[in-house]
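Asker: Supplied in C-alpha cells, the structure appears directly below.
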Amino acid sequence: MLFRSSRLATGRALSEGTVPVIELRASVILGPGSEGWVIMRDLSARLPAMLCPKWLQNRTTPVAVEDVIRALTVAARCPLAHAGVWDLPGPETLPYIEILKRVARAMGREPVIVDVPVLTPWLSSLWLGLVTRARVPVARALAEGLSSDIVQTQRAFWEVCGAPEVSLDEAIAKTLVADLPPRDRGSRVWERYASRMTRRPTK
C-alpha cells in the first residue's frame, strides 16, 4: 500500500497550500512508460504459464494514457470552482488477471493460468523483479498496493471533458504498437519481438 499511500499524501500536501488544486486519480494507466504496463506486458510476453495469486482477482478500472492526457489538458483550463479530487475511471471494471489475459491475447498468446492462493503481494514483488523489466522497488510497491480493489467509481470529471474515448483493448493494441521498433509499427509482428524486447538487460 506504500505506493498508493504516497500518492494520496502528495495530493493532500498540494491541497493544503494556498493555490487551488485539481487532483485527478487514476488506477492503472495503459501507455508507454507506465511501470504497471511494463509488468503486464512482460508477464504476458515471457511466460507460458502465469501464477494467479488470489489478489490478482481484485478489480481495477484501467484507463488509456491518451484519455489521462486529455483530462489533464481540460483540468488546466477548468475554473477554480472545479478544485478538488476527481476520479478518472476507465470504461471497464475488471480483475487484474483479466487485463493480463487480454494483453496476452493481443500478442497472440494463451498462457496457462495457475491459481496460487498463498502467494502474497510481497512475495509476488520479488518474483516480478526476476521476470519483468520493472524496477524492483516499484514492482514491490505496485504489488503491495494490489491487495484490495482499486476502483474509481465517480465519473463526474468525464462529464466535464467527455467520456473515455479509448477502449481497454484499443489501449492495449496502441501501446503494443508503440513498443515496436519504428520500422515495424502498424504491422502485426509483435510476437517476433516479444522475447527480445522483454529480456532483462545484461550488466
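Taken together, the values in this text are just the output of simple stated rules run on the coordinates, not laboratory data. Just so you know, these numbers come straight off a predicted model, no measurement behind them. Quick reminder, even Gly has a Cβ in these numbers, built from the backbone with ideal geometry, and neighbours come from all protein chains shown.
Asker: Where Rh denotes the Kirkwood radius from the mean inverse Cα pair distance, what is Rg over Rh for region 5-66?
Answerer: 1.11
Asker: To the nearest 20 Debye, how big is the dipole of region 1-108 about its Cα centre, given +1 on the beta carbon of each Lys and Arg and -1 on that of each Asp and Glu?
Answerer: 280
Asker: Can you list residues from other chains, or at least 5 along the same chain, whose modelled amide H is less than 5 Å from the amide H of residue 116?
Answerer: So residue 116 has HN proximity to 52, 54.
Asker: Using a Förster distance of 35 angstrom, determine the FRET efficiency expected from the C-beta separation of residue 110 and residue 153, and round it to 0.05.
Answerer: For R0 = 35 Å, the calculated efficiency reads 0.65.
Asker: Amide H neighbours of residue 22 under 5 Å, at least 5 residues apart or on other chains, H built in the peptide plane: list them.
Answerer: Long-range HN contacts for residue 22: 84.
Asker: Here is a follow-up. Pull up all non-local amide H partners of residue 58: gap of 5 or more, or a different chain, and H-to-H distance under 5 Å with H placed in the peptide plane.
Answerer: 96
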